[in-house]
Amino acid sequence: MLKMNNIVMTYDPGGINELCVFNDFSFGVKKGEFVSLVGSNGSGKTTLLNIICGTLAQTSGEVYIAGENMSHKKDYYRARRIGRVLQNPSLGTCPNLTIAENMALAENKGKKFDFTFCINKKRISAYRDMVRELSLGLEDKMDVKMGSLSGGQRQAVSLLIATMIPIDFLILDEHTAALDPLTSETIMHLTDKTIKEKKLTAVMVTHNLRYAVEYGDRLVMMDKGRVVMDISGKQKQATAVEDVLKIFNDISIECGN
Amino acid sequence: MMEVFFNLSVNVLIQSLIYAVLTYGIYITYKILDFPDLTVDGSFPLGAAVSALLLVNGADPWLTIVAAALSGALAGLFTGIIHVKFKVRDLLAGIITMTALFSLNLQIAGSNLTVDRATPTIFTSGIAMRLFGGLSLSLRKLIISALIAFAIKILLDIFFKTKYGMLLFAVGDNERFVTSLARDKGSVKIMGLVISDALVAISGCLVCQEQRSFSATMGTGQMVFGLAAVIIGSTVFRKMSFVKGTSCALAGSLIYKLCIQIAILLGLPANLLKMVTAVLFLVILIVGQSRTREA
């Protein structure tokens, strides 16, 4: 589903702040896999996601998504195949548009944005059913602006919107980090349910090692632009949070933190 | 006395309706796209210059509206490309186009161009005379400008409900969301500027036909007027969310023109008009801000 070959990523090449994040980095994700990606700050997780989505251009190397060479494609072109939920709940939707309007726009992703009416009245009940699935009581608030919802509610709708039309790839960029523990638990549960029901391929960056161990079928740990741990299947099931934490600490101590 | 008062009121209404078309444009850039578009001070007289030149050369007055709209659209396209493709800051992109347009307008119509009384305008020819020929000129102007202002308002209200229209709101609200919809946010912004400056130029064209003249300086302060009108309108109706943005812009235009007319009636010298505009705008901004802080 995803293949990254020989990625080199250097910020400010030749400048005084030259920083090499990836040097000949390769990474792949199989179809239907749910990968949890962990690592300390500066290990290259976010840079990795940004290269996949086209938000950042890699210095060299290739990115393939679902067999298509995306190495030099624009971010909005790649977005046809990718759904992304970000850390900041207000970035996943339009705060001044209603839930229904946001969903109508999302449903039209990849199609033409022409001069036909955006909201098809017949679709509203379908939208309402999708929102009811979130069990947050939002089904009666279809005409409420996104901006007046709580962070958790917004993130739940963001997740729904990102996966509303069939996508090849779901990217979760620390999507529970800005939420309180209880809400974060709810969103994580919802994420897992969505990925299983819609049979999505997903990469989730998280700082919560417990989520990384409990959810997903593959766990990858990164450090200084390299993969230092990559387990899946039975091996992952046998791994406890403590084991991951130990490796994580060992790396950090090496760094002198 | 009553007649003077009546004539003045009709005149204020005509002015506010004609300038409302400009405020719709500013509503699109300032309120929807969150883009302070200074092109306005150049695209407004551009519309007037194009239509003055065409009228003097005997063109159909209704066709000059189309020509003005196209010229304004090009001005918006220019600003949009400077901003989006060459990454020049929004304010600067507008200033560059505005400055260039000042010279272009002089090239088109000189520093002043008068359309003489014999030349037909939309208020004195064709369909206007056939339908409302029995009415006085000022009433005819009132009806025609009202028809145009409301027709454009209704078209815009419909447009805002379409998929593309909704995309305009989205790009002003959250650019990343537009990218995630697999759309190029830059081209949506450019489209918004094109529509906005086309409207502004139509407004300039209508003003030119109404007062039968173009002057190179007629654009000065139009951006500030438009902003003031949009902000007044949205402040007045801020508690009533069902009132459409275009209605707020229209109401803002009326309130603004009324205030200016009252100031003139109270003996304000015409030379101080821009000063009053600036002060009025400042007061509106401060009042608007303190209100939002309370809320």
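The values are calculated or read from the model by the stated rules, or taken from the named source; none is laboratory data. Quantities reported herein were computed from a predicted structural model and do not represent experimental measurements. Because the Cβ atoms are built from the backbone with ideal geometry, glycine has one as well, and the counts that use them run over all protein chains shown. Just the protein is used for accessible areas: all its heavy atoms, side chains included, with ligands, DNA and RNA removed. Shrake-Rupley method; radii C 1.70, N 1.55, O 1.52, S 1.80 Å.
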Checklist line | Positions within the range A:72-95 being more than 7 Å from chain B (Cβ to nearest Cβ), over 19 Å from residue A:178 (Cβ atoms) and touching a helix residue (DSSP H, G or I) at 6+ places or on another chain (Cβ under 8 Å), in sequence order | finding: A:78, A:82
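What helices (runs of 4 or more DSSP H) lie completely within the range A:1-116 and have 2 or more residues being of a type in the set (A, V, I, L, M) and at pLDDT 90 or above?
A:45-53, A:99-107
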Next item on the list: With a cut-off of at least 3 residues that are open to solvent by 10 Å² or more (accessible area, probe 1.4 Å) and within 14 Å of chain A (Cβ to nearest Cβ), name the helices (runs of 4 or more DSSP H) lying wholly within the range B:152-260.
Entry: B:163-173, B:175-180, B:185-211
Notebook entry, point to check: How many residues does the range A:24-77 contain that are on the phi < 0 side of the Ramachandran plot and either touching a Pro at 6+ places or on another chain (Cβ under 7 Å) or charged (D, E, K, R) (or both)?
Noted result: 10
Margin query: Residues that are within 13 Å of the chain's Cα centre (by Cα) and not β-branched (Val, Ile, Thr): does the range B:175-196 have at least one?
Written below: yes
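Check whether at least one residue in the range A:96-119 is open to solvent by less than 30 Å² (accessible area, probe 1.4 Å), within 9 Å of chain B (Cβ to nearest Cβ) and either over 17 Å from residue B:178 (Cβ atoms) or free of Cβ contacts under 8 Å to residues at least 12 places away in the same chain (or both), and report yes or no. It would help to see each step written out before you state the result.
Going through the range A:96-119, the residues open to solvent by less than 30 Å² (accessible area, probe 1.4 Å) turn out to be A:97-100, A:102-106, A:108-109, A:113, A:118.
After this cut, where a residue has to be within 9 Å of chain B (Cβ to nearest Cβ) as well, the list is A:97, A:102, A:104-106, A:108-109, A:113, A:118.
Now restrict to residues that are either over 17 Å from residue B:178 (Cβ atoms) or free of Cβ contacts under 8 Å to residues at least 12 places away in the same chain (or both): A:108, A:113.
Yes, because at least one residue in the range A:96-119 is open to solvent by less than 30 Å² (accessible area, probe 1.4 Å), within 9 Å of chain B (Cβ to nearest Cβ) and either over 17 Å from residue B:178 (Cβ atoms) or free of Cβ contacts under 8 Å to residues at least 12 places away in the same chain (or both).
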Next item on the list: Kindly provide the set of residues from the range A:121-148 that are outside any helix (DSSP H, G or I) and within 14 Å of chain B (Cβ to nearest Cβ), ordered by number.
Entry: A:143, A:144, A:145
Checklist line | Criterion: at pLDDT below 95 and at negative phi - qualifying residue of B:36, B:45 | finding: B:36
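For the range A:215-254, which residues satisfy the criterion of being loosely packed, with under 13 Cβ neighbours inside 10 Å and over 20 Å from residue A:27 (Cα atoms)? Spell out how you get there, then give the answer.
So in the range A:215-254, the residues loosely packed, with under 13 Cβ neighbours inside 10 Å come out as A:233-235, A:237-238, A:240, A:242, A:246, A:249-250, A:252-254.
Within the range A:215-254, A:234, A:237, A:238, A:240, A:242, A:246, A:249, A:250, A:252, A:253, A:254 meet the criteria.
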Note to self: Need the failing condition index for residue A:188 against (1) touching a residue at least 24 places away in the same chain (Cβ under 8 Å); (2) more than 11 Å from every other protein chain (Cβ to nearest Cβ); (3) closer than 29 Å to residue A:68 by Cβ, just the number.
What the structure shows: (3)
Item checked: Lone unmet requirement of (1) at pLDDT 90 or above; (2) part of a helix (DSSP H, G or I) for residue B:264 -> (1)
Notebook entry, point to check: Does residue B:144 satisfy being assigned to a loop (DSSP other than H, G, I, E, B), more than 30 Å from residue B:171 (Cα to Cα) and in contact with a Phe, Trp or Tyr (Cβ under 8 Å, 6 or more places away or on another chain)?
Noted result: no
Item checked: Residue that is most open to solvent (accessible area, probe 1.4 Å) [pool: residues in the range A:149-169 that are more than 20 Å from residue B:174 (Cα to Cα) and in contact (Cβ under 8 Å) with a residue 60 or more places away in the chain] -> A:168
